[in-house]
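Worksheet: the structure to be examined is printed underneath.
The values are calculated or read from the model by the stated rules, or taken from the named source; none is laboratory data. Bear in mind that the values here come from a model prediction, so they are computed numbers and not experimental data. Quick reminder, even Gly has a Cβ in these numbers, built from the backbone with ideal geometry, and neighbours come from all protein chains shown. Areas reflect the complete protein model, heavy atoms only, side chains present, ligands, DNA and RNA absent. Shrake-Rupley method; radii C 1.70, N 1.55, O 1.52, S 1.80 Å.
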Amino acid sequence: MGSSVKLNNGQKMPLLGLGCWQAPGDEVAAAVEAALLAGYRHIDTAYNYLNEDGVGRGIKAAIASGKVKRSDIFVVTKLPMIGMQAGKVEKYLRKSIKALGLDYVDLYLVHAPLGFAERSESDPFPMDNGKVVLDCSTDLISVWKDMEKMVSLGLAKSIGVSNFTDKQVLKIVSNAKIPPAVHQVECHVYFQQLKMREVCKKYNIAITAYAPLASPGRKVLYEKRGVKIELPDLLNNPVVRLVAEKHKRTAAQVLLRFLVQQDIIVIPKSTNAGRIKQNGDIFSFKLDELDMEALRFLNQGEAGRSFTMLSFPGVERHPECPF
Ligand code: A2P
């Protein structure tokens, strides 16, 4: 289903992937299997999501059906903040690979440019008195050197970063033997990441858009953490709805198509079989220049950013806190 982009190391990465954030184990296993059987060839998870075993079960079930081969699937996972130290990367990648039931991952990302205290391997978000317990000794370059080793060990085919600032990306690029292949960032019509896209283009770093629908489902999580951030409602934006009506598509399909049509990789999350199918059906129509211009106009720049580190109370004290 759909097309792919060629990464700076020659590897091909499907433009459409299934996002797995906030999808608990059993639900995610069914969602991954449904997505792979519906034609998705890219799955995005993370150690921090605590669901890699469920993702692995979904992949195994799809392969067992005989309709998909491991070599056809692009699996992405991420180094947790509690593993952000030279010498710890291999341990966490091996744990992820084992949980996923694989021999390697296609892409391993540094989840965020931050370190959290490693109090327990099973607690990626250590908290004290409502604040995250930080490890402020984070050295991005030495972590990146460890990431490069993961490629030579054959544990990751490609490596990349996530949630970095443009300056942090440049720091890695100018000290790397293997430049990042991908930068995964929040990206959607309200926050189109024009500056970051420019920087990444210069170094041939592909962009993956997380929260391409602006993650409406995180409301519950934020309420639980006591975080007050107003969430954008992209699915009901009148311009998006107008373009959707014109093409007889859903608002979600328009939001995703807008990104993939610009070679931005998208990883919409869904655990609903109908919506998984719907989100996958974005390669059978095209937005015209008028639609694209109207959607480009919805960009609010920095004001459109809706994932901030404020959702992790206390993180702003870390010297590398990106936003
Ligand atoms: P669900 O899992 O029940 O489908 P994002 O990918 O931006 O993080 O957004 C994911 C959120 O959007 C989830 O809450 C998901 O809920 C919901 N969602 C995913 N696809 C669609 C769709 N096509 N229409 C409406 N909501 C969707």
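Can you tell me which residues in the stretch 275-301 are free of Cβ contacts under 8 Å to residues at least 24 places away in the same chain and over 19 Å from Asn236 (Cα atoms)? So that I can check it myself, show each step before the final result.
Step one: filter the stretch 275-301 for residues free of Cβ contacts under 8 Å to residues at least 24 places away in the same chain, giving 275, 284, 288-290, 293.
Listed by number, the residues that qualify are Ser284, Asp288, Glu289, Leu290.
Among the conditions (1) loosely packed, with under 15 Cβ neighbours inside 10 Å; (2) over 25 Å from Ser4 (Cα atoms); (3) of a type in the set (A, V, I, L, M), Ala64 misses just one, which is (2).
Restricting attention to the stretch 110-153, the residues that are out of contact with any helix residue (DSSP H, G or I) (no Cβ under 9 Å at 6 or more places or on another chain), open to solvent by less than 40 Å² (accessible area, probe 1.4 Å) and of a type outside the set (Val, Ile, Thr) total 2. Within the stretch 196-209, if we keep just the residues that are open to solvent by less than 30 Å² (accessible area, probe 1.4 Å) and not small (Gly, Ala, Ser), the residue that is farthest from Leu18 (Cα to Cα) turns out to be Val199.
Residue check: is Leu170 under 20 Å from Glu186 (Cα atoms) and assigned to a helix (DSSP H, G or I)? First the steps, then the outcome.
Values: under 20 Å from Glu186 (Cα atoms): yes; assigned to a helix (DSSP H, G or I): yes.
Considered against the rule, which asks whether it is under 20 Å from Glu186 (Cα atoms) and assigned to a helix (DSSP H, G or I), Leu170 comes out as yes.
All conditions in (1) near the ligand (Cβ under 10 Å from one of its atoms); (2) open to solvent by less than 30 Å² (accessible area, probe 1.4 Å); (3) not acidic (Asp, Glu) hold for Met309, with the sole exception of (1).
Suppose the filter is in contact with a strand residue (DSSP E or B) (Cβ under 6 Å, 6 or more places away or on another chain) and surrounded by 14 or more Cβ atoms within 10 Å (Cβ to Cβ); does Val240 pass it?
no
Here Val28, Val32 are screened, and the one residue that is closer than 19 Å to Ile265 by Cβ, assigned to a helix (DSSP H, G or I) and out of contact with any His (no Cβ under 9 Å at 6 or more places or on another chain) is Val32. When each of Lys246, Lys219 is tested for being open to solvent by 30 Å² or more (accessible area, probe 1.4 Å), modelled with pLDDT of 95 or more, more than 14 Å from the chain's Cα centre (by Cα) and over 30 Å from Lys167 (Cβ atoms), the lone residue that passes is Lys246. Restricting attention to the stretch 212-242, the residues being within 15 Å of the ligand (Cβ to nearest atom), assigned to a helix (DSSP H, G or I) and either farther than 19 Å from Leu310 by Cα or in contact (Cβ under 8 Å) with a residue 12 or more places away in the chain (or both) number 11. Summed over the stretch 261-280, residues that are under 26 Å from Ala206 (Cβ atoms) and surrounded by fewer than 20 Cβ atoms within 10 Å (Cβ to Cβ) total 6.
Let's see how each residue does on (1) within 16 Å of the ligand (Cβ to nearest atom); (2) buried (at least 17 other Cβ atoms within 10 Å of the Cβ); (3) at pLDDT 95 or above; (4) of a type in the set (S, T, N, Q):
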residue: Pro24; (1), (2), (3), (4): yes, no, no, no
residue: Ala29; (1), (2), (3), (4): yes, yes, yes, no
residue: Glu33; (1), (2), (3), (4): yes, yes, yes, no
residue: Asn48; (1), (2), (3), (4): yes, yes, yes, yes
residue: Gly58; (1), (2), (3), (4): yes, yes, yes, no
residue: Val76; (1), (2), (3), (4): yes, yes, yes, no
